[in-house]
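Peer 1: I'd like to ask you about the structure that follows.
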Amino acid sequence: MKEGSVVANLATDLGLDVKTLTKRKMRLDIITNKKYLDVNKETGELYIVEKIDREHICYKRSSCYLKLEVTLENPLRIFNIELEVLDMNDNAPQFRRDAIHLDISEATPKGERFSLSNAVDQDVGTNSLKTYHLSESEYFNIEVQTGRDGSKFADLILKKTLDRERQGLHNLILTAVDGGTPARSGTVSIVVHVLDTNDNAPAFDKAAYNIPVMENSPIGSVIIHLNATDLDEGSNSDISYSYSLYTSEKTQETFNLNPTTGEITVKGMLNYEDFRIYDMEVIATDKGANSLSGQCTIKLLVEDMNDNHPEISIKSFQSPVSENIELDTVIAVVSVSDKDSGDNGQVDLHIPENMPFKLRESSDNYYELVVSEPLDREKVPEYEITFTVTDRGSPPLSDNETMTLELLDVNDNVPQFSQSFYTIRVMENNAPGSLLSSLTAFDPDLHENQYLVYFIIEKEIANTSMSMLFSINPENGNFYALKTFDYEIEKEFLFHIEARDSGSPPLSSNVTVHIIIVDQNDNAPVIVSPWRAHGSVVEEKIPRSTDKGSLVAKVIALDTDSVHNSRITYQFLQVTDASLFSLDQYNGEIRTMRMFSYKDSRHHRLVVVAKENGEPALSATVTIKLLTVETDVKAYSDMTEMPLEYDIFSDINLYLVIGLASVSFLLLITILVTIVLKCQKSKPSKTAPPSRNSVISERNSTIADSTLVSNDAYWYSLFLAETRKGKLVVRQPVPKGSRYIVSSIPRGTGLSETSDSAASTLQ
């Protein structure tokens, strides 16, 4: 058939949809050295690419098949196709030689047979060689015979005794005719030389021999020692051995015949898989003037041995595949074969154990590699799969083929932080933009599935978003402070950081971050009692009749730093008479150590320093001027709890009443505003930072309550203290929008006896 001729429509024969052939990557594989055919993926037609020569592909075979494999993907299917190549009579019979020369003794009896070189026709079946014709002859005719392999050969038969003296040379024409239509033929000349009488021909011990021989026998191995005898004497009994023309060239190339001894040895490699039976015909010819010959047939049966390794062929292989591939998915299709026969040709295929794959036989010598267990790229990113095929011979032979299966990543792992809870200590007065820590997570996935983005989960504290206080680098997780923190205002923050990968869909995890503001000794003590204007000196009056141990004054200092930095001790920096006054270093009380004498000065100067416990230690000083006076009725009146009637509405008391009324009014307004705000908010208000109280003792165990006023950003303190003369000291910074918590003031604290300075301070 010509190139381009359509042989068949595979889509119709296999029941396939023509529209899906290109999408399913239809592929045609031919198990030959040449690609004689191909398939049209648009129509599904099988057509001829290169002209097929049947005699080249299937020499001397009665049937000729081309084995084809059609492979389709999505889903994977393999079809095995056998294409029969039909013979046509395109070869004429041919003889191996142009002329056949025969020497025939005149003493040869009639009926004697002579082997003639047979003709060869490469065609098969009816187109092969059918018969022979001999030209007209008085002495000879032919008899056509059929060999084991179906070949035709002719024996020349002497039908009448020869007379050399009458005719010493006979020229004949032998014609070989095949059975094709029209028939083809070939001819050869037969030249018969009539020899003088040598009437005894050599004879073999047997007419036929059947000899087994093991394949792969060493070169030079002796197969048989032939023996032929001739009853003649002299040169007529000397025998030489040779192959007849009936013996094929392949046989003559494989075995060597010693012409003198008749010994047959191995000349070429014997392979059971190529040739299993060798037929040969050996002629023994004497050396007489008219040599005579005898012949025998030898059949060599090659026995198989396990000399061929099994073979593995990877028909299909998918790599890489997703790590979440479904179970029982076909990864590869493998075929195995062994050229040996019997148990030597039976093979077993297996893969290493402890792998998430298994083999499943799909057809004869075809296996599918399927997924048997879930795959995880993070544990095993790729597999080296070794296919090992072993035959059942003795000893067994094996072969192997290794494939590398790569796994594609799937976003199946959430980012993981090294800790579930981070505690970060930040020193107050930090610089804005300073790096606090690096909060990094790890994702074992690959590529975009492992690229992480960090951000702060928004949370409001005191109407302030966390993103206004802190920031995190979305690429590397570096955590920064956006403002300077003050321990006295903010002590800690609690929020969450989230790490999210870039997969589809994205996966994320979060971690809790606890920010603790660490205090610095950045606030000096503040003298709140006795109160005095900035830079002024406190003046006090005490009677000279004061007893030993009496409270002269009480120095109270406050430090807004943490407990460690706010521990305050009191010391005299200057004192007029160290034997007259004592100072308690812990509570700041100044008491008399003895009674005043007439020798003591009326004026005393006391300088008290309040020093904290921080590093470096900060301090504050207060100067107290004491004036000792004689006891009189007016002083006594000042010291009593009930003032005279005409002093009830004095200016000092009036200012104090106005101040208390103002504080009460502000407290009431604050409570009302707080209730309204709580009702309007959709979520509960944040818990205010813990309060800090100061306790101020008064002489004779009279201690005024301290009140703390606080909100989320500021601390406020209200300190009430009564000195020996009943002075009231108030420190009350009140920012806009502050919330108040005011403790009750116990009765009998002598608020009516406060001094003018206290009233002015309250205003």
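The values are calculated or read from the model by the stated rules, or taken from the named source; none is laboratory data. Remember, predicted model here, so these are calculated numbers, not experimental data. Don't worry about glycine lacking a Cβ; one is built from the backbone with ideal geometry, like all the others, and counts go over all protein chains shown. Heads up: the accessible areas ignore ligands, DNA and RNA and are worked out on the full protein's heavy atoms, side chains in. Shrake-Rupley method; radii C 1.70, N 1.55, O 1.52, S 1.80 Å.
Peer 1: Kindly indicate whether ILE78 is outside the structural domain of SER363 (by the TED database) and either under 28 Å from ASP178 (Cα atoms) or modelled with pLDDT under 85 (or both).
Peer 2: No, not satisfied.
Peer 1: Here is a further query. Of all residues in segment 588-621 being surrounded by fewer than 14 Cβ atoms within 10 Å (Cβ to Cβ) and among the polar types (S, T, N, Q), which is farthest from GLU539 (Cα to Cα)?
Peer 2: It comes out as SER597.
Peer 1: Do we find that ASN127 is outside the structural domain of SER62 (by the TED database), within 26 Å of LYS299 (Cβ to Cβ) and crowded, with 17+ Cβ neighbours inside 10 Å in this structure?
Peer 2: Judged against the criteria, ASN127 is not a match.
Peer 1: OK, next. Working carefully through the options ASP38, ASP87, find the one that is free of Cβ contacts under 8 Å to residues at least 12 places away in the same chain and out of contact with any Pro (no Cβ under 9 Å at 6 or more places or on another chain).
Peer 2: ASP38
Peer 1: To continue, here is another question. Just to be sure before I move on: is ASP279 among the acidic types (Asp, Glu), closer than 26 Å to THR146 by Cβ and either touching a residue at least 40 places away in the same chain (Cβ under 8 Å) or surrounded by 14 or more Cβ atoms within 10 Å (Cβ to Cβ) (or both) in the structure I sent?
Peer 2: yes
Peer 1: Scan segment 62-77 and tell me whether some residue there is of a type in the set (Gly, Ala, Ser), more than 25 Å from SER337 (Cα to Cα) and either in contact with a Leu (Cβ under 8 Å, 6 or more places away or on another chain) or in a loop (DSSP other than H, G, I, E, B) (or both).
Peer 2: no
Peer 1: Also: Looking at segment 22-54, which of its residues are under 18 Å from ALA11 (Cβ atoms) and of a type in the set (Asp, Glu)?
Peer 2: ASP29, ASP38, GLU42, GLU45
Peer 1: What pairs come up if the first residue lies in segment 399-418 and is free of Cβ contacts under 8 Å to residues at least 60 places away in the same chain and assigned to a strand (DSSP E or B), the second is open to solvent by 30 Å² or more (accessible area, probe 1.4 Å) and of a type outside the set (Phe, Trp, Tyr), and their beta carbons are under 7 Å apart, counting only those six or more places apart or on different chains?
Peer 2: Filtered contacts from segment 399-418: THR402/GLU384; THR402/THR386.
Peer 1: Considering only segment 219-272, give the strands (runs of 3 or more DSSP E) lying wholly within it that have at least 2 residues that are at pLDDT 90 or above and aromatic (Phe, Trp, Tyr).
Peer 2: Because the criterion is at least 2 residues that are at pLDDT 90 or above and aromatic (Phe, Trp, Tyr), the strands (runs of 3 or more DSSP E) in segment 219-272 that meet it are 239-243.
Peer 1: Here's another thing I want to ask about it. GLU3 is checked against (1) more than 30 Å from GLY179 (Cα to Cα); (2) open to solvent by 50 Å² or more (accessible area, probe 1.4 Å) and fails just one. What number does that condition carry?
Peer 2: Going through the list (1) more than 30 Å from GLY179 (Cα to Cα); (2) open to solvent by 50 Å² or more (accessible area, probe 1.4 Å), GLU3 breaks only (1).
Peer 1: For ARG61, only one of the following conditions fails: (1) under 43 Å from the mean Cα position of the chain (by Cα); (2) in contact (Cβ under 8 Å) with a residue 40 or more places away in the chain. What is its number?
Peer 2: Status for ARG61: all satisfied but (1).
Peer 1: Look through segment 273-289, keep the residues that are over 14 Å from ASN198 (Cβ atoms) and part of a strand (DSSP E or B), and return whichever of them is farthest from the chain's Cα centre (by Cα).
Peer 2: By that ranking, first place goes to ILE283.
Peer 1: Inside segment 419-442, can you point out the residues that are over 12 Å from GLU498 (Cα atoms) and without any contact (Cβ under 8 Å) to a residue 60 or more places away in the chain?
Peer 2: Once the filter is applied, which keeps residues that are over 12 Å from GLU498 (Cα atoms) and without any contact (Cβ under 8 Å) to a residue 60 or more places away in the chain, segment 419-442 yields ASN430, ALA431, PRO432, GLY433, SER434, LEU435, SER437, SER438, PHE442.
Peer 1: Applying the selection to segment 130-149, what residues are within 19 Å of LYS60 (Cα to Cα), outside any loop (DSSP other than H, G, I, E, B), in contact (Cβ under 8 Å) with a residue 12 or more places away in the chain and open to solvent by 60 Å² or more (accessible area, probe 1.4 Å)?
Peer 2: Result: LYS130, single match.
Peer 1: Please indicate, with yes or no, whether at least one residue in segment 275-285 is in contact with a helix residue (DSSP H, G or I) (Cβ under 9 Å, 6 or more places away or on another chain), of a type outside the set (D, E, K, R) and at pLDDT 90 or above.
Peer 2: yes
Peer 1: Now for a separate question. Taking the condition modelled with pLDDT of 55 or more and buried (at least 17 other Cβ atoms within 10 Å of the Cβ), does ILE624 pass?
Peer 2: Taking the combined requirement at face value, the residue satisfies it.
Peer 1: Would you confirm whether any residue within segment 507-518 is part of a loop (DSSP other than H, G, I, E, B), surrounded by 15 or more Cβ atoms within 10 Å (Cβ to Cβ) and modelled with pLDDT of 85 or more?
Peer 2: Among the residues of segment 507-518, at least one is part of a loop (DSSP other than H, G, I, E, B), surrounded by 15 or more Cβ atoms within 10 Å (Cβ to Cβ) and modelled with pLDDT of 85 or more, which makes the answer yes.
Peer 1: Provide a single number: the residues in segment 290-303 that are surrounded by fewer than 20 Cβ atoms within 10 Å (Cβ to Cβ) and either assigned to a loop (DSSP other than H, G, I, E, B) or of a type in the set (Lys, Arg) (or both).
Peer 2: Residues that pass the stated criteria total 1.
Peer 1: Continuing with the same structure: Go through segment 35-50 and give me each residue that's touching an Asp or Glu at 6+ places or on another chain (Cβ under 6 Å) and either at pLDDT 85 or above or open to solvent by 30 Å² or more (accessible area, probe 1.4 Å) (or both).
Peer 2: ILE48, VAL49
Peer 1: Related question: Take the residues of segment 305-319 that are open to solvent by less than 60 Å² (accessible area, probe 1.4 Å) and in a loop (DSSP other than H, G, I, E, B): which is modelled with the lowest pLDDT?
Peer 2: Per the criteria, the residue is ASP307.
Peer 1: Could you tell me which residue of segment 359-379 is farthest from VAL321 (Cα to Cα), considering only residues that are in contact with a strand residue (DSSP E or B) (Cβ under 9 Å, 6 or more places away or on another chain) and in a loop (DSSP other than H, G, I, E, B)?
Peer 2: Looking at the filtered set, the residue picked out is ASN365.
For every residue, the table says whether it meets (1) among the small types (Gly, Ala, Ser); (2) open to solvent by 20 Å² or more (accessible area, probe 1.4 Å).
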site	(1), (2)
LEU72	no, no
ILE78	no, yes
LEU83	no, yes
LYS110	no, yes
ALA119	yes, no
ILE157	no, yes
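Peer 1: To continue, here is another question. Run down SER235, SER244 and say which single residue is more than 12 Å from THR297 (Cα to Cα) and touching a residue at least 40 places away in the same chain (Cβ under 8 Å).
Peer 2: From the options SER235, SER244, the qualifying one is SER235.
Peer 1: While we're on this one: Taking only pairs six or more apart or across chains, which ones have beta-carbon atoms under 8 Å, a first residue in segment 179-203 that is within 21 Å of GLU106 (Cα to Cα) and open to solvent by 30 Å² or more (accessible area, probe 1.4 Å), and a second residue that is polar (S, T, N, Q) and assigned to a loop (DSSP other than H, G, I, E, B)?
Peer 2: Short answer, once both residue conditions are applied: LEU195/ASN290; LEU195/SER291; ASP196/ASN290; THR197/ASN290.
Peer 1: Would you tally the residues in segment 78-101 being closer than 19 Å to GLN122 by Cβ and outside any loop (DSSP other than H, G, I, E, B)?
Peer 2: 3
Peer 1: Go through segment 563-578 and count every residue that is outside any strand (DSSP E or B) and crowded, with 19+ Cβ neighbours inside 10 Å.
Peer 2: Residues in segment 563-578 being outside any strand (DSSP E or B) and crowded, with 19+ Cβ neighbours inside 10 Å: 3 in total.
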